[in-house]
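Following: one structure in structure tokens, then a few remarks.
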Amino acid sequence: MRRVAIIGAAGRDFHVYNTVYRGSREYKVVAFLMTQIPIPNRRYPPSLSGVPEGVPIYTWKSYEELTRYLKELRVDEAVLAYSDLLYDEVGHIISAVLASGATFKIHGPNDTYLNSIRPVFAVTATRTGAGKSTVSKEVVKDLASRGLKAAVVRHPMPYRDLEEGVVEIYKRPEDLDKLTFEEREEYEQYVEMGVPVLAGVDYSAVLKEAELLGDVILWDGGNNDFPFFRPNYMVVVTDARRAGHEVGSFPGELNLRLADAVIITKVSDAGREKVEEVVANVKKTNPKASITKADLEVYVDRDITGKRVLVIEDAPTVTHGGLPYAAGYLAAVKYGAVVVDPRPYAVGVIKRVYEEYSTGPVLPSLGYTPEQRRDLEETIKRADADVVLLGTPAKIERVIKIDKPIARVSWRLKILEGPTIKDLVDEFLERALR
């Protein structure tokens with residue numbers, strides 16, 4: 001049997017195992033090699049893996065360490081199952097794999113798609129923080145206006161015991177109490193709309209539950225991963241402020257090539273040259289896709305004019321997403337607030353994040369672990385600010401103590417040019433009903 005290691009971050013890697021390798025007589029997966037996510041028990045359990053001993057999970061932090069693991073485990077094939085990488089990062093991983101003597105492999109959509117009995121509308125992105133969930137929310141609203149119930153399925157975020165999280169369904173605000181900030185950021189908007197949102201570890205089981213809850217499945221993918229479900233219609237959201245990433249990231253460029261429609265966001269913030277660059281790249285890469293230009297308009301629920309504000313942003317966007325700031329900072333500038341730089345006040349894990357990422361004068365809403373939540377709370381407490389401006393959609397004040405007045409940012413999609421959300425849903429329904 002060929003010895004396989006799957007390289008990922010507790011998202012697509014488990015899905016690849018479930019769809020390609022579980023029960024295989026030709027391959028033996030000897031390890032998951034992960035970054036970022038702390039998985040409890042460090043093992044993909046027997047009940048999910050189908051092997052008595054389960055599959056061990058190891059964490060690597062450098063390309064040299066990745067090569068060493070592959071050699072020690074005598075790996076024949078290393079499978080990349082990772083999202084939100086720039087192409088130079090993909091190249092480094094390929095070289096690290098080949099340096100171990102192993103073969104490098106990526107499983108494409110046809111290996112990993114699950115087919116649904118319901119129509120599937122997929123919303124994907126070319127990078128984290130492009131505005132994908134804002135677009136998804138508008139799609140759900142449009143479907144509801146037509147009398148169609150959407151069941152939203154999110155990309156996995158398995159931060160607890162894997163066996164307890166095979167299928168997760170969230171319908172009520174109290175269902176979110178046990179979650180990390182990152183999960184709340186993605187689920188809360190749907191729960192507040194009365195729309196069920198599902199996630200988990202085994203997406204064949206997740207899909208069966210979603211099919212019972214919705215007339216339509218909305219795939220709201222994580223980072224810039226491509227869908228787990230075969231879509232009837234696919235939209236990709238790309239960020240004009242990061243022109244070039246739509247063809248310089250993996251699997252972001254794949255999403256662009258697969259898309260039926262492209263929505264370019266943050267057009268007014270990016271400037272004409274960057275918008276033109278994105279449009280040219282889209283037309284060259286996927287000339288059949290429609291193009292919509294849009295803004296993500298920001299609003300604040302209280303007056304912050306002249307106030308010293310500590311901006312808290314969605315963590316993935318301003319860490320591995322590569323943006324120095326996001327909606328919170330833009331709202332502070334728009335409404336005349338003075339942004340307080342949190343970096344001098346940062347402690348512990350938060351301080352280390354600033355050393356690792358090119359994050360701007362904003363505070364990432366890190367909340368995976370008790371340590372991160374404690375350090376976030378302490379950083380907020382130390383900051384010399386009048387108001388905490390929450391650019392994250394998660395109501396983190398329900399989880400940590402914030403000792404300052406809170407202002408909350410909301411944002412809405414504003415179509416400037418090209419097909420509207422209604423137009424895209426019309427195309428989706430026409431195709432689904434053929």
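General observations
Condition check ((1) surrounded by 15 or more Cβ atoms within 10 Å (Cβ to Cβ); (2) more than 17 Å from residue 9 (Cα to Cα); (3) not polar (S, T, N, Q)) across all residues:
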residue: 53; (1), (2), (3): no, yes, yes
residue: 57; (1), (2), (3): yes, no, yes
residue: 61; (1), (2), (3): no, no, yes
residue: 70; (1), (2), (3): yes, no, yes
residue: 75; (1), (2), (3): yes, yes, yes
residue: 88; (1), (2), (3): no, yes, yes
residue: 91; (1), (2), (3): no, yes, yes
residue: 103; (1), (2), (3): no, yes, no
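- If you go through the stretch 400-418 and keep only what is outside any strand (DSSP E or B), in contact with a helix residue (DSSP H, G or I) (Cβ under 8 Å, 6 or more places away or on another chain) and open to solvent by less than 50 Å² (accessible area, probe 1.4 Å), you end up with 400, 402, 404.
- Flag for residue 59 being of a type in the set (Ser, Thr, Tyr), modelled with pLDDT under 95 and over 17 Å from residue 156 (Cα atoms): yes
- For the stretch 333-382, filtering for residues that are assigned to a loop (DSSP other than H, G, I, E, B) and not hydroxyl-bearing (Ser, Thr, Tyr) leaves 12.
- Of all residues in the stretch 186-225, exactly one satisfies the criterion of being free of Cβ contacts under 8 Å to residues at least 24 places away in the same chain and of a type in the set (Asp, Glu), namely 192.
- Elements of type strands (runs of 3 or more DSSP E) contained in the stretch 76-129, each with 1 or more residues being modelled with pLDDT of 95 or more and under 19 Å from residue 204 (Cβ atoms): 77-81, 120-125
- Residue satisfying all of: in the stretch 369-399; among the polar types (S, T, N, Q) and farther than 15 Å from residue 346 by Cα; least open to solvent (accessible area, probe 1.4 Å) among these: 392
- Residues being in a loop (DSSP other than H, G, I, E, B) and either among the aromatic types (Phe, Trp, Tyr) or farther than 18 Å from residue 260 by Cβ (or both) - total across the stretch 214-246: 9
- Residues satisfying the stated conditions in the stretch 64-84, i.e. within 26 Å of residue 252 (Cα to Cα) and either in contact (Cβ under 8 Å) with a residue 60 or more places away in the chain or under 23 Å from the mean Cα position of the chain (by Cα) (or both): 77, 78, 79, 80, 81, 82, 83, 84
- Residue 153 within 16 Å of residue 234 (Cα to Cα) and at pLDDT 95 or above: yes
- Count - residues of the stretch 350-397 that are among the polar types (S, T, N, Q) and more than 16 Å from residue 316 (Cβ to Cβ): 1
- Residues that are among the aliphatic types (A, V, I, L, M) and within 20 Å of residue 19 (Cα to Cα) within the stretch 213-244 comprise just one, 217.
- Residue check, residue 177 closer than 30 Å to residue 22 by Cα, of a type in the set (Asp, Glu) and in contact (Cβ under 8 Å) with a residue 60 or more places away in the chain: no
- Residues that are in a loop (DSSP other than H, G, I, E, B), open to solvent by 50 Å² or more (accessible area, probe 1.4 Å) and acidic (Asp, Glu), drawn from the stretch 265-320: 301, 303
- Single unsatisfied condition, residue 132 versus (1) under 27 Å from residue 189 (Cα atoms); (2) in contact with a helix residue (DSSP H, G or I) (Cβ under 9 Å, 6 or more places away or on another chain): (2)
- If you go through the stretch 328-356 and keep only what is open to solvent by 20 Å² or more (accessible area, probe 1.4 Å), out of contact with any Pro (no Cβ under 9 Å at 6 or more places or on another chain) and touching a residue at least 60 places away in the same chain (Cβ under 8 Å), you end up with just 330.
- The selection criterion, being more than 22 Å from the chain's Cα centre (by Cα), modelled with pLDDT of 95 or more, more than 16 Å from residue 201 (Cβ to Cβ) and buried (at least 23 other Cβ atoms within 10 Å of the Cβ), holds for residue 4.
- For residue 256: the one exception among (1) more than 24 Å from residue 108 (Cα to Cα); (2) in a helix (DSSP H, G or I): (1)
- Count - residues of the stretch 237-258 that are more than 11 Å from residue 130 (Cβ to Cβ) and either open to solvent by less than 10 Å² (accessible area, probe 1.4 Å) or at pLDDT below 95 (or both): 2
The values are calculated or read from the model by the stated rules, or taken from the named source; none is laboratory data. This is a predicted model, so every value here is computed, not measured. Methodologically, a virtual Cβ is constructed for each residue, glycine included, from the backbone with ideal geometry; neighbour enumeration extends over all protein chains shown. Side chains included, ligands, DNA and RNA excluded: accessible areas come from the protein's heavy atoms. Shrake-Rupley method; radii C 1.70, N 1.55, O 1.52, S 1.80 Å.
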